[in-house]
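Below is one structure; the comments refer to it alone.
The values are calculated or read from the model by the stated rules, or taken from the named source; none is laboratory data. This one's a predicted model, so the numbers in the text were calculated from it and none came from an experiment. Quick reminder, even Gly has a Cβ in these numbers, built from the backbone with ideal geometry, and neighbours come from all protein chains shown.
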Amino acid sequence: MPSKPTRRRGQALVDAIHDAVLREAAENGVARLTMEGVARRAGTAKTSLYRRWSTPEDILMEALHSAYPQEAPSAAADDLRGDLVAALMLFHGLMGQEPLGPVMLSCVAEASYRPEFNERLWREVYGPRGGRFTATVLRHYADRGRIDPARVTPVTVDIGEAMMVKYTLDQLEPPSPDYVERIVDEVLLPALGRDPR
């Protein structure tokens, strides 16, 4: 006789709900998230969700905050090229990670016509998790006097990720690690006044 499934509680239940909301958003889009869909996928009752969250968007923000990767540049700020490549490879991994990559695309689509959603993403996910990958590295190096802070501009913090997104749109796949290194060597380092050789 099969045993009854163990009732999940605490962090195990929260993890299941986080996974469920991410998978729901990846498959159906952020705009179509429902408490019913999340509860069904998590294998729990809606009442379990309402005890902690008011809306499916609240669950999504918490799940994104937990799952969103965070760049950690070298503490000594002594390998700018390596840290930039690592930051872009972290972004590269995010683009291809299931279900997080498709969820982020859905979030971008939602944010494009809902400014309050975009503000919430920045307030609850990107900001607390360090913002953008290249920006984290550049600010770290500028704060330690390793690069000229005047070169940390809205353009230089966006170059790497923008080129990766453009490549992905054009080629319908993320760039190779070699291409990521070329972005750093041929574009980012020169923009920062550094010779990559």
- Item | Residue in the range 106-113 that is surrounded by fewer than 17 Cβ atoms within 10 Å (Cβ to Cβ), within 13 Å of PHE91 (Cα to Cα), of a type in the set (S, T, N, Q) and assigned by TED's automatic domain parsing to the domain that holds LEU84 present | no
- With criteria (1) in contact with a Gly (Cβ under 8 Å, 6 or more places away or on another chain); (2) more than 24 Å from ARG114 (Cα to Cα); (3) modelled with pLDDT of 90 or more, GLU24 comes up short on (2)
- Task: Answer with yes or no whether PRO196 is outside any helix (DSSP H, G or I), touching a residue at least 40 places away in the same chain (Cβ under 8 Å), under 22 Å from ALA75 (Cα atoms) and more than 21 Å from the chain's Cα centre (by Cα).
- Result: yes
- Query: If you scan the range 34-82, which residues turn out to be within 14 Å of ARG120 (Cβ to Cβ) and in a loop (DSSP other than H, G, I, E, B)?
  - Reply: TRP53, SER54, THR55, TYR68
- Query: Is there any pair with a first residue in the range 137-163 that is within 15 Å of LEU189 (Cβ to Cβ) and a second that is of a type in the set (Asp, Glu) and surrounded by 18 or more Cβ atoms within 10 Å (Cβ to Cβ) whose Cβ atoms are under 6 Å apart and which are 6 or more apart or on different chains, and what are they?
  - Reply: VAL137/ASP83
